[in-house]
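S.K.: Here it is, the structure, as structure tokens.
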Amino acid sequence: ERLRQLRTNVVRINTFASGLPDKYVMVNIPAAEIEAVENEVVVSRHTAIVGKPDRQTPVLLSKIHELNFNPFWHVPKSIVERDIIPQMQKDPAYLQRYVIRAYNVKGDEVPAETIDWNSDEPLKYEYRQDPGEDINSLGAVKLNFSNPYAVFLHDTPQKELFEGDYRAYSSGCVRVKNVEQLIAWLLQENDDEAWSGDKIREVIASGERLDAQLKQAMPLYVVYITAWASPNGTVYFRNDLY
């Protein structure tokens, strides 16, 4: 069984391994782990939260091009249907507690108490959560990359989830532990001393909405590897989440 697993993953690894650039970020979904790699050396490794089996994180190749500090969260329709509506049916104060606002097509805010949550009416509106490191679902920062799945990397206020061995809890996006370390490495490419670790912490603490474009977009690999070997011959296996 383990030999079959290794053979399967050799094929997966060969699809991307020969063309790796000098610097890149790699997310391994089954390992729920992220690596920032420079000149074949892992400069930082981050525990991750990945998609649930019924809301899978997609395998993809892209480039991180932008960081959003203290972002708004625009709630996807799928999460409105699966999560927001059932929560509001059980707890009418849910949106208020998590500072999520409903807007009509004109951009006007619609009070949650005026919406019939036992009908199709809630699906007529857009929902947006205010910034806030301790309450916003994206935490303090969001890392954007082009993809057709509307997923991204981001911080989270639920940092306790990083401590478990099983870490498939998201709706498809990837949550990053110690995200400040990763974004500090990404911003080194900007050759801008203003983006020091202190500056990053200052912007996050201020609550200010701020976007930072990367001068050089960083290659991103989101892969599905359940078995691999280290250079010293140690072999690692992970459970097949999906």
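The values are calculated or read from the model by the stated rules, or taken from the named source; none is laboratory data. Please read these numbers as outputs of a predicted model, since none were measured by experiment. Because the Cβ atoms are built from the backbone with ideal geometry, glycine has one as well, and the counts that use them run over all protein chains shown. To get the accessible areas, we keep the full protein, side chains included, count just its heavy atoms, and leave off ligands, DNA and RNA. Shrake-Rupley method; radii C 1.70, N 1.55, O 1.52, S 1.80 Å.
S.K.: What size of dipole, in debye to the nearest 20, comes out for the range 24-70 about its Cα centre when the only charges are +1 on Lys and Arg C-beta atoms and -1 on Asp and Glu C-beta atoms? Mind showing how you got there, number by number?
M.R.: Numbers: 4 positive and 6 negative charges, 41 e Å.
Once rounded to the nearest 20, the dipole reads 200 debye.
S.K.: Accessible area of the chain with a 1.4 Å probe: how many percent of it is carbon plus sulfur? Before the final figure, lay out each step's value.
M.R.: Working: 6150 of 13170 Å².
About 47 percent, which is the carbon plus sulfur part of the accessible surface.
S.K.: Past 19 Å, Cα to Cα: identify those pairs from LYS142/LYS177; LYS90/LYS142; LYS63/LYS159; LYS90/LYS159; LYS52/LYS77, in the order given.
M.R.: Numbers: LYS142/LYS177 12 Å; LYS90/LYS142 30 Å; LYS63/LYS159 25 Å; LYS90/LYS159 25 Å; LYS52/LYS77 17 Å.
Long pairs (Cα-Cα over 19 Å): LYS90/LYS142; LYS63/LYS159; LYS90/LYS159.
S.K.: Let me ask something else. With r defined as the distance between the Cβ atoms of GLN89 and ASP54 and R0 fixed at 25 Å, what FRET efficiency is calculated, to the nearest 0.05? Don't jump to the answer; show the numbers that get you there.
M.R.: On the way: r = 20 Å, r/R0 = 0.81.
The value I calculate is 0.80.
S.K.: Quote the accessible area belonging to ASP116 in square angstrom, nearest 10, computed with a 1.4 Å probe and with ligands, DNA and RNA left uncounted.
M.R.: 80 Å²
S.K.: Related question: If a/c stays under 1.5 just call it rounded; otherwise compare a/b with b/c (prolate if a/b is bigger, oblate if not). Do that for the range 98-221, with a ≥ b ≥ c from the square roots of the Cα gyration tensor eigenvalues. Could you put the intermediate results ahead of the total?
M.R.: Values: a/c = 1.98, a/b = 1.70, b/c = 1.16.
The shape class here is prolate.
S.K.: Excluding ligands, DNA and RNA, what is the solvent-accessible area per residue of the chain at a probe of 1.4 Å, expressed in Å²?
M.R.: Working: 13170 Å² over 242 residues.
Spelled out: the 1.4 Å probe surface of the chain, per residue, equals 54 Å².
S.K.: In nm, what is the difference between 0.36 nm times the number of residues separating LEU123 and LEU61 and their Cα-Cα distance? Before the final figure, lay out each step's value.
M.R.: Working: separation 62, 0.36 × 62 = 22.32 nm, distance 3.18 nm.
Contour length minus Cα-Cα distance gives 19.1 nm.
S.K.: Figure the gain on full extension for GLU202 and ASN39 (residue separation times 0.36 nm, minus the Cα-Cα span) and round it to one decimal in nm.
M.R.: Details: separation 163, 0.36 × 163 = 58.68 nm, distance 3.02 nm.
The span from GLU202 to ASN39 would gain 55.7 nm if fully extended.
S.K.: Still on this structure, please answer the following. With label points built 7 Å along Cα→Cβ from the Cα atoms of TYR98 and SER18, find their separation and express it in nm.
M.R.: 4.5 nm
S.K.: While we're looking at this one, here's another question. With a 1.4 Å probe and all protein chains kept in place, how do ILE64, ILE135 rank by accessible area, largest first?
M.R.: Details: ILE64 0, ILE135 55 Å².
Order by accessible area, largest first: ILE135, ILE64.
S.K.: Hey, could you pull the Cα Rg and Dmax for the chain, both in Å?
M.R.: Every Cα atom of the chain included, Rg and Dmax give 19.6, 63 Å.
S.K.: Also, quick follow-up: Take every Cα-Cα pair in the range 16-84 and report what % of them are more than 19 Å apart.
M.R.: Values: 1231 of 2346 pairs.
For the range 16-84, the share of Cα pairs beyond 19 Å comes to 52 percent.
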